[in-house]
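Peer 1: Okay, here's the structure, questions in a sec.
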Amino acid sequence: MKLTKEIIDELRVEPGKHANITERSTSATTAKWLDDTEGEQPQKKIAQKDLVSFVKELSRAQEKLWADSSHALLVVLQAMDAAGKDGTIKHVMSGVNPQGCRVESFKQPSLEELNHDFLWRCTRSLPALGGISIFNRSYYEDVLVVRVHPALLDKTHEEPTKDDESKFWRHRFEDINHFEQHLHRNHTRVVKVFLHISRDEQKKRFLKRLEDPDKRWKFSTNDLAERQCWDDYEDAYEEALSATSTPWAPWYVVPADHKYELRALVGGIVVDAIDQMKLKSPLVSADKLESLDKAKKQLLAER
Ligand code: ATP
Ligand code: MG
């Protein structure tokens, strides 16, 4: 199963246009994408079934990526807290061979990381050709959380003054766009997904975490403090997504209020990104075929 062009286009932030995240739905898409050929099944059931097909597709696509080794894939996931980044990674990548895939989570930077430029720590986890890297948060934190809390810059050597503040962030967007273009030119495809959750749904999930003894550990009091900055985050996301959705590294805004729908859509987007690489199964030369044939005969001749 593949996502249609219509749904991919709807989720993608058109390069050069505003992301308009506040106008986008957090719970549904307008395009019909669920495979409901089997009649009146509830949406959740259909999306769960679709996720299974995307996972299978992805497993096949990853094998091709690995065998061909001409390209790499970087998937960047960004979201407000409790939007479902961890669950998405767990479910979408469940069929992928761990040998060709790595997941990197970016938390508050260490002193060593702060002593480098803001892209440095992420470059160390980029995928090799044939591989997939998933960034759970990324260098985008440096134009999101840092923008919402500019005091974080005090720990670095960067000091934007009031007058050049907007120039400072514009330069960071430019750096990101150039960096991603460099990756694209060097055969790493970059797919960026914003898991778009509503404020109400986040509240429900926080309450669920607080009420469930098995999930309480996931809640941090800082989550509540960040929730108070919801509008500032929304503004920061709006600007960042609008400034950095490019033809070579587009953003996708995926409705995240229903986890089952979110996971199936992200699975479909990742499969589509690998399909776009137009990979061929590796050709075996005539010489190689001959030596394979010899090897087979030799093995069969063994006692
Ligand atoms: P979870 O879903 O488990 O809460 P998480 O990604 O929120 O996962 P946390 O350990 O709760 O992980 O939070 C990591 C924190 O690190 C986030 O608040 C994020 O904004 C912050 N962070 C990431 N990168 C930077 C950065 N470059 N500068 C400052 N803070 C950062
Ligand atoms: Mg957190």
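The values are calculated or read from the model by the stated rules, or taken from the named source; none is laboratory data. Worth saying up front: this structure is predicted, and the values here are computed from it rather than measured. Every residue, glycine among them, receives a Cβ derived from its backbone with ideal geometry; neighbour counts consider all protein chains shown. To get the accessible areas, we keep the full protein, side chains included, count just its heavy atoms, and leave off ligands, DNA and RNA. Shrake-Rupley method; radii C 1.70, N 1.55, O 1.52, S 1.80 Å.
Peer 1: Quickly run through region 200-234 and pick out the residues that are touching a Phe, Trp or Tyr at 6+ places or on another chain (Cβ under 7 Å) and of a type in the set (Phe, Trp, Tyr).
Peer 2: Listed by number, the residues that qualify are Phe206, Phe219.
Peer 1: Still on this structure: Among the candidates Asp235, Asp275, which residue alone is acidic (Asp, Glu), within 16 Å of ligand 1 (Cβ to nearest atom), open to solvent by 50 Å² or more (accessible area, probe 1.4 Å) and under 21 Å from the mean Cα position of the chain (by Cα)?
Peer 2: Result of the check over Asp235, Asp275: Asp235.
Peer 1: Okay, next question. Given the criterion open to solvent by 10 Å² or more (accessible area, probe 1.4 Å), under 23 Å from Leu51 (Cβ atoms) and not β-branched (Val, Ile, Thr), identify the matching residue among Ser133, Ser94, Ser110.
Peer 2: Testing whether each residue is open to solvent by 10 Å² or more (accessible area, probe 1.4 Å), under 23 Å from Leu51 (Cβ atoms) and not β-branched (Val, Ile, Thr) leaves just Ser94.
Peer 1: Inside region 213-244, can you point out the residues that are in contact (Cβ under 8 Å) with a residue 24 or more places away in the chain and of a type in the set (Asp, Glu)?
Peer 2: Those that are in contact (Cβ under 8 Å) with a residue 24 or more places away in the chain and of a type in the set (Asp, Glu): Asp223, Glu226, Asp232, Glu234, Glu238, Glu239.
Peer 1: Collect the residues in region 81-105 that are within 16 Å of ligand 1 (Cβ to nearest atom), assigned to a helix (DSSP H, G or I) and hydroxyl-bearing (Ser, Thr, Tyr), keeping them in residue-number order.
Peer 2: If the condition is that a residue be within 16 Å of ligand 1 (Cβ to nearest atom), assigned to a helix (DSSP H, G or I) and hydroxyl-bearing (Ser, Thr, Tyr), then Thr88 is the only one that fits.
Peer 1: Looking for something away from ligand 1 (no atom under 12 Å from the Cβ), touching a residue at least 24 places away in the same chain (Cβ under 8 Å), open to solvent by 10 Å² or more (accessible area, probe 1.4 Å) and more than 15 Å from the chain's Cα centre (by Cα) - is there at least one such residue anywhere in region 116-128?
Peer 2: Yes - at least one qualifying residue is present in region 116-128.
Peer 1: Those residues that are among the polar types (S, T, N, Q) and open to solvent by 80 Å² or more (accessible area, probe 1.4 Å), I need them from region 98-107; list them, please.
Peer 2: Gln99 - this is the single residue of region 98-107 that is among the polar types (S, T, N, Q) and open to solvent by 80 Å² or more (accessible area, probe 1.4 Å).
Peer 1: Pick from Ser125, Ser133, Ser105, Ser138: which is within 22 Å of Trp248 (Cβ to Cβ) and either within 16 Å of ligand 2 (Cβ to nearest atom) or hydrophobic (A, V, I, L, M, F, W, C) (or both)?
Peer 2: Of the residues listed, the single one that is within 22 Å of Trp248 (Cβ to Cβ) and either within 16 Å of ligand 2 (Cβ to nearest atom) or hydrophobic (A, V, I, L, M, F, W, C) (or both) is Ser138.
Peer 1: Looking at Pro150, is it under 14 Å from Ala236 (Cα atoms) and either surrounded by fewer than 13 Cβ atoms within 10 Å (Cβ to Cβ) or more than 9 Å from ligand 1 (Cβ to nearest atom) (or both)?
Peer 2: So Pro150 fits the description; yes.
Peer 1: Considering only region 218-232, how many residues are in a helix (DSSP H, G or I), within 13 Å of ligand 2 (Cβ to nearest atom) and loosely packed, with under 13 Cβ neighbours inside 10 Å?
Peer 2: 4
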